[in-house]
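Reading through the C-alpha cells given below for one structure.
The values are calculated or read from the model by the stated rules, or taken from the named source; none is laboratory data. If you're wondering where the values come from, they're calculated on a predicted model, not measured in any experiment. Reconstructed Cβ throughout: ideal geometry from the backbone, glycine too, with neighbour counts over all protein chains shown. Ligands, DNA and RNA are stripped out before the accessible areas are found, and what is left, the full protein with its side chains, is counted by its heavy atoms. Shrake-Rupley method; radii C 1.70, N 1.55, O 1.52, S 1.80 Å.
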Amino acid sequence: MTSGTEDAHRKPGRLVTPLIDTSTEAISAAGGLAGGVYLRSRTPGMLRLSVLAGLPGPLFRPWWRMHVDRPFPVADAYRLGVPVVLPNPAETMRRYPQFAAGLPFRFGSLHVPVTGGGRSFGVLTVLRPAVADAAEVLEGVDRMAVLARELGAALVGAEETDGSPVAWEGEPLCVRPPAARRPQQRAGSFSWDP
C-alpha cells in the first residue's frame, strides 16, 4: 500500500478490509470502546493511524501521526516489539503522562505490535474501560496478539505481491465500531385477583 485513502479506493479488498476487520475484532476481543491500527509511513520513524473505529476522526487528530521516539504507548509497542498494557488512568498517568493528559476521559488501553516475516508494520491499539489490575485484561491482550499476527501475515503477503513496502500516508479511515450484542431481555407480568 503506497498511499492512504487514495490507495484504499484502488485496492479495497486487499489491505483496507483486513485493517478494518482487525480493528473491529480487536475492540470486541479486548472489551474495548474504540480501536485502530497504526502503520509505518514512508517517512522514517513515523507511524500513521490507518484505521480508527469507534471515535470521530477529528477527536483523535492529535494522534494521527506518531514518531516512534515519542514517549507514547503506541511508539513503545512498535519500537520495543512488546505489548503495552495500561489497565487504568493511574497506570497511564504514571507511565505516559502526556498521553493521559491528552484525552478528555478515563480509560485503559492495550497496544500490540503488528509484525510478520521479521518486519514491524505497526501497532494494533484499543481503548477500553478502566480496570483495577492488568491481570483483568491479559486475555484480551492475548487475543489481540493473535489478530496482530494474522494482520502481519496479510501485510507480508501484500508486500510480496506488490513488491513494495506497506506504508500508510493518508488520513485514517474512520469506521463504526462493531455492534454490541444486546443482552437478552425478559419480560414478565402478573395479575392480581382479589
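Which residue out of 61, 40, 79 is open to solvent by 10 Å² or more (accessible area, probe 1.4 Å), within 17 Å of residue 155 (Cβ to Cβ) and not polar (S, T, N, Q)?
40
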Subset tally (residues that are touching a residue at least 40 places away in the same chain (Cβ under 8 Å) and touching a Lys or Arg at 6+ places or on another chain (Cβ under 8 Å)) for the range 91-113:
2
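Kindly provide the set of residues from the range 19-49 that are hydroxyl-bearing (Ser, Thr, Tyr) and within 17 Å of residue 73 (Cβ to Cβ), ordered by number.
Taking the range 19-49 first, the residues hydroxyl-bearing (Ser, Thr, Tyr) are 22-24, 28, 38, 41, 43.
Those that are hydroxyl-bearing (Ser, Thr, Tyr) and within 17 Å of residue 73 (Cβ to Cβ): 23, 38.
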Restricting attention to the range 131-163, which residues are of a type in the set (A, V, I, L, M) and farther than 22 Å from residue 40 by Cα?
131, 132, 134, 135, 137, 138
Can you confirm whether residue 125 is in contact with a Leu (Cβ under 8 Å, 6 or more places away or on another chain) and modelled with pLDDT of 95 or more?
yes
Looking at the structure I just gave you, is residue 170 open to solvent by 10 Å² or more (accessible area, probe 1.4 Å), outside any helix (DSSP H, G or I) and of a type in the set (Gly, Ala, Ser)?
yes
Failed criterion for residue 142 (all others in (1) open to solvent by 70 Å² or more (accessible area, probe 1.4 Å); (2) at pLDDT below 95 hold)
(2)
